[in-house]
Each structure stands twice: as C-alpha cells, then as structure tokens.
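The values are calculated or read from the model by the stated rules, or taken from the named source; none is laboratory data. From a predicted model like this one, the values you see are computed outputs, not experimental measurements. Because the Cβ atoms are built from the backbone with ideal geometry, glycine has one as well, and the counts that use them run over all protein chains shown.
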Amino acid sequence: MAALSWMDTPQRYGLVSRALHWGMAALFAWQFTGMAVRILVGRHPVTAFMVGSHAGMGTLLLILVLLRGAWGLANARRRPPRDVGLIGRLAQLGHLALYALMFIVPSLALMRAYGSGRAFAPFGIPLFPGFEGGPVSWMTAPANAAHGLLAWTLLALVAGHVAMVIVHRVIWRDDVLHRMAGRAPKQAPSPAE
Ligand code: HEM
Ligand code: HEM
C-alpha cells in the first residue's frame, strides 16, 4: 500500500490535514479540560497550571485554524468528497459551523485582550504592548457576553461530530474514520494510490 501523501486524496486526508486535525483536537481537549477543572476544582495548582496556558494555546489555535482553512481550500478538489444527499449536506454544514466557531471563539477573546488595554504576551511573545485609557468596552463586551457560551457550543458540536463518526461506523457501516485515521480499508483499494 502506498504511504500516506502530504496532500489529501479523494480516498483519505493526507498527512498535513491529519496533523492539523488531531493536533488541534489535542489542544482543544487541553483548553476544555482546563476550564472544566477550573469550574469543578476552583483555585488549585493544577487549575493554575492548565489555565495558565489558556490564552497562549487559544492564540495558537487561532493561527492553526487559519492555516487549516487555507490548506482545506488548497485541497478542496482533492479531499474526500461529501456524501450525496441530505446527510452529506448536513455534514458539510456541520464542518462549516465547526470552522466558524474555531475562528470566532479565540478572535473574540483576543479582541477583549487587546481592548483591555493591558499588554498581552502569549508564551512570552509580545503581541500587544497595551495602552493608556483602557478598557475599551466595545472590544471587551462581545467576549464577556459570548466567549464562554460559544466555546461550550463548540464543545457540544464536537460531541455531535464524534457521535456521527460512531454512527457511520457502527450503525450505517460506511466508516469515515479511515479517511482521517489509520490505513485505508483493504477491501477498497484505491487506484489513485
Ligand atoms: C479556541 C480557543 C479557545 C477555547 C476553546 C476557549 C474556551 C474557553 C472556555 C470553555 C472558557 C470557560 C467559560 C466558562 O467559564 O464557562 C473560557 C474562558 C476564558 N477564556 Fe477562552 N478559549 C479559547 C481561546 C481563548 C483566548 C485566545 C483567550 C485570550 C486571549 C481566552 C481567554 C479566556 C478568558 C479570560 C476566560 C475567562 C472569562 C470568560 O469566561 O470569558 N480564551 N475559554
Ligand atoms: C475524537 C475526536 C474526533 C474524531 C474521532 C474525529 C473524526 C473525524 C473524521 C473521521 C473526519 C472525516 C470526516 C469526513 O471525511 O466526512 C473528521 C473531519 C473533521 N473534523 Fe474531526 N474528529 C474529532 C475531533 C474533532 C475536533 C475536536 C474538531 C474541531 C474542534 C474536529 C473538526 C473536524 C473538521 C472541521 C473536519 C472536516 C475536515 C477538516 O477540514 O479538517 N474534529 N473528523
């Protein structure tokens, strides 16, 4: 069997798409677990350790989702096509909603961080120097109102996403997991590879 290529193919996602998908899934797990620990455990060294990297990891996730979107567009004609009919259309809408939230959730938080007027240096890298006269309420209000809410909505959507992968595999028996993980199934050798 041919090795997995860098680019996507109509049979499966390639190395770059997979690295972005699973790497970002791990970083999201870190973000959500940290916030869940903060809510459940409260002030504690473990909370401080996990949440201490929240803004930095979130900024990294915003950069990664922009790269992933660009890579997705560059591979749009090569990656596994969506299924025909309503289910395929819903899957595409679901993926678009995931992208929208992956972009909006950290963007609102960054706008709040900027509008607070305080210097912001994720992982020690100076991003905004800070300014006199903050906070600027129109920059901080959207994240105050919606950052957490939209983040938990993203988590709910991810749960639905994973549930659909299981439904495909266990109930409909038209596995889609092999597109994003592991090797291609033996019974479906692809002439393109
Ligand atoms: C995509 C990346 C991100 C995810 C998934 C995420 C997720 C979350 C979640 C689940 C909460 C808890 C809300 C609650 O208490 O119910 C939260 C809070 C918070 N996040 Fe993020 N976050 C991300 C990016 C960022 C970034 C980039 C920053 C800062 C620049 C940031 C700053 C904060 C702050 C200050 C809070 C506490 C105040 C609040 O609830 O709005 N987050 N985040
Ligand atoms: C255990 C967790 C996960 C599993 C098993 C999983 C599985 C999959 C599979 C099998 C596909 C390919 C679907 C197809 O070709 O129709 C896929 C695509 C996708 N997944 Fe996940 N996923 C997980 C976590 C996540 C998370 C945390 C996110 C985002 C927050 C996410 C966002 C996406 C998106 C946007 C796509 C479309 C392809 C792309 O542009 O990368 N997934 N996932």
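One table, with the values for the structure above:
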read-out: Which numbered condition residue 43 fails, given (1) in a helix (DSSP H, G or I); (2) farther than 26 Å from residue 14 by Cβ; value: (1)
read-out: Among (1) farther than 30 Å from residue 118 by Cβ; (2) part of a helix (DSSP H, G or I); (3) under 19 Å from the mean Cα position of the chain (by Cα) - the single one residue 107 does not satisfy; value: (1)
read-out: Boolean, residue 66 is assigned to a helix (DSSP H, G or I) and either closer than 28 Å to residue 29 by Cβ or touching a helix residue (DSSP H, G or I) at 6+ places or on another chain (Cβ under 8 Å) (or both); value: yes
read-out: Neighbours by Cβ (under 8 Å, 6+ apart or cross-chain): first from the range 42-60, in contact (Cβ under 8 Å) with a residue 12 or more places away in the chain; second buried (at least 17 other Cβ atoms within 10 Å of the Cβ) and not in a helix (DSSP H, G or I); value: 55/120
read-out: Subset of the range 77-108 [surrounded by fewer than 13 Cβ atoms within 10 Å (Cβ to Cβ) and more than 10 Å from ligand 2 (Cβ to nearest atom)]; value: 77, 84, 85, 86, 89, 93
read-out: Which numbered condition residue 32 misses (of (1) surrounded by fewer than 17 Cβ atoms within 10 Å (Cβ to Cβ); (2) aromatic (Phe, Trp, Tyr); (3) more than 13 Å from ligand 1 (Cβ to nearest atom)); value: (3)
read-out: Filter result (within 14 Å of ligand 1 (Cβ to nearest atom), of a type in the set (Lys, Arg) and touching a helix residue (DSSP H, G or I) at 6+ places or on another chain (Cβ under 8 Å)) within the range 69-126; value: 112
read-out: Residues being of a type in the set (Lys, Arg) and either surrounded by fewer than 16 Cβ atoms within 10 Å (Cβ to Cβ) or assigned to a loop (DSSP other than H, G, I, E, B) (or both) - total across the range 1-29; value: 1
read-out: Among the residues listed as 159, 184, 151, the single one being touching a Ser or Thr at 6+ places or on another chain (Cβ under 8 Å) and within 30 Å of residue 83 (Cα to Cα); value: 184
read-out: Single match in 180, 111, 164 (criterion: away from ligand 2 (no atom under 16 Å from the Cβ), surrounded by 13 or more Cβ atoms within 10 Å (Cβ to Cβ) and in contact (Cβ under 8 Å) with a residue 24 or more places away in the chain); value: 111
read-out: Hey, residue 40 at pLDDT 95 or above and within 10 Å of ligand 1 (Cβ to nearest atom) or not; value: no
